[in-house]
Amino acid sequence: MLAGAPGAGAVGFGGSAGAGTSGAGTVDGGGTTGAAGSATAGQAGSVAGSGGARASSGASGAAGAEGATAGAGGGSQSCAGRPALTAGDSKLTLQHGGRARSYLLHVPSGLAAGTPLAVVIDLHGAGGNGSQQKGMSGFSALSDKKKFVAVFPDGVDGYWNVDDTCCGTAGKEKVDDVGFLKAIISKLKADTCIDSKRVYVSGFSNGGGLTHRMGCDAADVIAAIAPMATDLRTQPCKPARPISMLEIRGLADSLEPYAGGLVGPAGGQYTAVGAKASLKLWADINLCTGAASSFDQYCERYTQCSNAVESALCSLPNVDHSPYGNSLNFDVASAAWSLFERQPMK
């Protein structure tokens, strides 16, 4: 297992995120697993300022002459002359950071040219790849039903650089994975018609760690995040704006304990903050007030947050590290998409 040093516990809007603790992972047979690190147990400081005016529930696009509002809560934008994507799976590459980076693009059938599309970027766990993540997360099948584009990128040598200290070549060489995901978004914008108000990121374990980091470092282009099987460890986390977050954790997680604590073998340990503390960190970042309230069967959320965003956690009983395909009939991808649909960028 790989481990890193704990980081500070500051929060706020604006600025870039620094280093936190690292994660680890393995591939067990066909399924990718991996323990990811978390933020230190130090309590996040409160953010000064009003946090901005609260938006009404449900989002509207900007007014003007750019075009009609697209999709549920989508932003107004012009798609004139933008071609429709070809349905099916495509393995694509782009040059970024001196490397040829790859990703799997899944496009549902029945899309019309000129219709702005939502995008979900879904990140694999440590030691995995985009194809494996596509096969287990459920976002590919859901994209066919809900008509959004799903993207499954590949980490460098199977890993993501979550905090500049962690995880294989990606961490050792400080690979700019935040920049890589932003480059995918830019290419999609250039190649087709995507709704810039509805670009989302999810991910599992090591990929969940990068999902948290995207919320901290890329809130200018990402509408909301749904990290799986790991807690926030990017510290300080200073998103450019409040951003909605749904974390999904297994209560019986044997790799990153739900309640927090030491993770990894002797000599390579880091401290996981725990799922509840991770939720509270995001609630503080988003300037949420009041208490978390229950929704669905296994979930809780803060809804009285700046700009009407949400900070949420779903805790699944008798579920180990991977929440996918659980025995509870809890559809992980659909739970994430439900948040995404409610929370386009405001």
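The values are calculated or read from the model by the stated rules, or taken from the named source; none is laboratory data. On a predicted model such as this, the values are computed, not experimentally measured, just so you know. With ideal geometry, Cβ positions are generated from the backbone for all residues, glycine too; neighbour counts draw on all protein chains shown.
Values for this structure:
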| read-out | value |
| --- | --- |
| Residue within the range 277-292 that is in contact with a Ser or Thr (Cβ under 6 Å, 6 or more places away or on another chain), β-branched (Val, Ile, Thr), modelled with pLDDT of 95 or more and under 18 Å from ARG213 (Cα atoms) present | no |
| Residue within the range 114-123 that is buried (at least 18 other Cβ atoms within 10 Å of the Cβ) and small (Gly, Ala, Ser) present | yes |
| Listing of strands (runs of 3 or more DSSP E) fully contained in the range 118-235 that carry 1 or more residues being small (Gly, Ala, Ser) and within 21 Å of SER311 (Cα to Cα) | 194-204, 224-228 |
| Checklist (1) among the hydrophobic types (A, V, I, L, M, F, W, C); (2) surrounded by 13 or more Cβ atoms within 10 Å (Cβ to Cβ); (3) at pLDDT 95 or above applied to ALA84, failing item | (3) |
| Contacts under 6 angstrom Cβ, first residue in the range 81-104 being within 13 Å of VAL175 (Cβ to Cβ), partner in a strand (DSSP E or B) and among the aliphatic types (A, V, I, L, M), 6 or more apart | ARG101/LEU94 |
| Cβ-Cβ under 7 Å pairs, at least 6 apart or on other chains, the range 138-164 side within 14 Å of ASP177 (Cα to Cα), far side assigned to a helix (DSSP H, G or I) and of a type in the set (Val, Ile, Thr) | PRO153/ILE184; VAL156/THR169; ASP157/THR169; TYR159/THR169 |
| Some residue of the range 179-190 being at positive phi and free of Cβ contacts under 8 Å to residues at least 12 places away in the same chain | no |
| Breaking point among (1) free of Cβ contacts under 8 Å to residues at least 60 places away in the same chain; (2) closer than 17 Å to GLY138 by Cβ, for GLY325 | (1) |
| Residue identified as out of contact with any Lys or Arg (no Cβ under 7 Å at 6 or more places or on another chain), under 30 Å from LYS147 (Cα atoms) and not charged (D, E, K, R) among LEU251, LEU328 | LEU328 |
| Residue under evaluation ARG213, criteria (1) without any contact (Cβ under 8 Å) to a residue 24 or more places away in the chain; (2) under 16 Å from the mean Cα position of the chain (by Cα), criterion not met | (1) |
| Counted residues, the range 154-165 - those being farther than 13 Å from GLY127 by Cα and more than 13 Å from the chain's Cα centre (by Cα) | 3 |
| Only listed residue being under 25 Å from ARG198 (Cα atoms), polar (S, T, N, Q) and within 19 Å of the chain's Cα centre (by Cα), chosen from SER338, SER322, SER315 | SER338 |
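Residues checked against (1) surrounded by fewer than 24 Cβ atoms within 10 Å (Cβ to Cβ); (2) modelled with pLDDT under 95; (3) within 20 Å of ALA100 (Cβ to Cβ):
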position	(1), (2), (3)
GLN133	no, no, yes
SER140	yes, no, no
VAL149	yes, no, no
PRO153	no, no, yes
VAL178	yes, no, yes
LYS182	yes, no, yes
PHE204	no, no, no
